[in-house]
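Chemist: A single structure is presented below for examination.
The values are calculated or read from the model by the stated rules, or taken from the named source; none is laboratory data. Nothing here was measured: the structure is a model prediction, and the numbers come from that model. Don't worry about glycine lacking a Cβ; one is built from the backbone with ideal geometry, like all the others, and counts go over all protein chains shown. Areas reflect the complete protein model, heavy atoms only, side chains present, ligands, DNA and RNA absent. Shrake-Rupley method; radii C 1.70, N 1.55, O 1.52, S 1.80 Å.
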Amino acid sequence: MSPHILVLGGTTEARALATGLTARPGIRVTTSLAGRVARPGAVAGEVRVGGFGGAEGLARWLREQRVDAVVDATHPFARTITENAARAAAATGLPLAVLRRPGWRPGPRDDWHPVPSQAAAADLLPRLGHRVFLTTGRLGLAAFAHLTHLRFLVRSVEPPEPPVPPHARVLLARGPFTVAGETALLREHRIDVLVTKDSGGTATSAKLTAARDLGLPVVVVRRPPLPDGVIAVPGVPEALHWLDALGRP
Ligand code: NAP
């Protein structure tokens, strides 16, 4: 029977992996999406949408669907699903790899301030600037809601979940973004500090170059750690290689 691979998705890499796998004959590929985005892009192979019901629900689904291997290609900040995948893989004995794109690294001209959480970013912000470009996504903005004396430009793909800071303009947009576009945006809104998660990848990294060129400080929320003992691969070719190696004696 064809091997069945589950890709936990919601990222560019997950989509590319599904495309790469469906191009191989004799493989069944299912991509799982959380269902947060109203109009997700097209994905090759089979797609299922919505939560599994925790690690136990995921383990049940893996057994019922006779899955042979799992690649968790979710976003580096999607901590719960990654923990659930590790627990479900342990419970079912299935091989699991986590596809984690490398984090961003500061260069010599960057003024980065790494912090462990959005709350820590909010603590630091008033010392760094007054006109904030906030790009940490639509969730968790409550951490900034008490900063009533700062102005925010909030950018997210879907509308932010309240509460948001009182002086906030919301810009709905999906990457990829260009350095020229980001520079113009920072100038237009007279931004003096940027807040980002360490998402990694190229789709949203132009803002970092623009901030460097304009000499702006950047507050970078660090990634949550991976669960103990999981195999991590940095990209789609490595994930395909890992899957290929499973099939070899
Ligand atoms: P999360 O906090 O780790 O997960 C919360 C719950 O959502 C999980 O327990 C699971 O529900 C469900 N879930 C998450 N990803 C799923 C998937 N691929 N398939 C099925 N169920 C999923 O996740 P999140 O941070 O809200 O992210 C949700 C999705 O958006 C992820 O797939 C991620 O790749 C994508 N995304 C996240 C970010 C970010 O910054 N967090 C950015 C871009 C894209 P059950 O427990 O019921 O199974």
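Chemist: Take segment 62-75 and flag every residue that is outside any strand (DSSP E or B) and either within 15 Å of residue 34 (Cβ to Cβ) or hydroxyl-bearing (Ser, Thr, Tyr) (or both).
Modeler: To start, the set of residues in segment 62-75 that are outside any strand (DSSP E or B) comprises 62-68, 73-75.
The answer is 73, 74, 75.
Chemist: Separate question: Here's a check for you: in segment 82-118, which residue that is assigned to a helix (DSSP H, G or I) and open to solvent by 50 Å² or more (accessible area, probe 1.4 Å) is farthest from residue 224 (Cα to Cα)? Full working, then the answer.
Modeler: Filtering segment 82-118 for residues assigned to a helix (DSSP H, G or I) gives 82-92, 118.
Cutting the leftovers down to open to solvent by 50 Å² or more (accessible area, probe 1.4 Å) gives us 83, 87, 90-91.
Numbers: 83: 11, 87: 17, 90: 20, 91: 23 Å.
This residue is 91.
Chemist: Would you point out which residue out of 93, 57 is near the ligand (Cβ under 8 Å from one of its atoms) and modelled with pLDDT of 95 or more? Reasoning before the result, please.
Modeler: Numbers: 93 fails: near the ligand (Cβ under 8 Å from one of its atoms).
It is 57.
Chemist: In addition: Any residue that is part of a helix (DSSP H, G or I), among the acidic types (Asp, Glu), on the phi < 0 side of the Ramachandran plot and not assigned by TED's automatic domain parsing to the domain that holds residue 140 - is there at least one of those in segment 228-242? Quick ask: steps written out before the conclusion?
Modeler: Pass one, segment 228-242, residues part of a helix (DSSP H, G or I): 236-242.
Still in the list and also among the acidic types (Asp, Glu): 238.
With the extra rule that they be on the phi < 0 side of the Ramachandran plot, the set shrinks to 238.
Okay, now just the ones that are also not assigned by TED's automatic domain parsing to the domain that holds residue 140, so 238.
The answer is yes, given that some residue of segment 228-242 is part of a helix (DSSP H, G or I), among the acidic types (Asp, Glu), on the phi < 0 side of the Ramachandran plot and not assigned by TED's automatic domain parsing to the domain that holds residue 140.
Chemist: Please go through (1) part of a loop (DSSP other than H, G, I, E, B); (2) more than 15 Å from residue 9 (Cα to Cα) for residue 59 and return the number of the only condition it doesn't satisfy.
Modeler: (1)
Chemist: Any idea which of (1) closer than 18 Å to residue 96 by Cβ; (2) within 13 Å of the chain's Cα centre (by Cα) is the one residue 29 doesn't satisfy?
Modeler: (2)
Chemist: Any residue that is surrounded by fewer than 18 Cβ atoms within 10 Å (Cβ to Cβ), of a type in the set (D, E, K, R) and not assigned by TED's automatic domain parsing to the domain that holds residue 27 - is there at least one of those in segment 152-160? Show your work before the answer.
Modeler: Let us first name the residues in segment 152-160 that are surrounded by fewer than 18 Cβ atoms within 10 Å (Cβ to Cβ), namely 157-159.
Keeping just the survivors that are of a type in the set (D, E, K, R) gives 158.
Then drop every residue that is not not assigned by TED's automatic domain parsing to the domain that holds residue 27, which leaves 158.
Yes: segment 152-160 contains one or more residues that are surrounded by fewer than 18 Cβ atoms within 10 Å (Cβ to Cβ), of a type in the set (D, E, K, R) and not assigned by TED's automatic domain parsing to the domain that holds residue 27.
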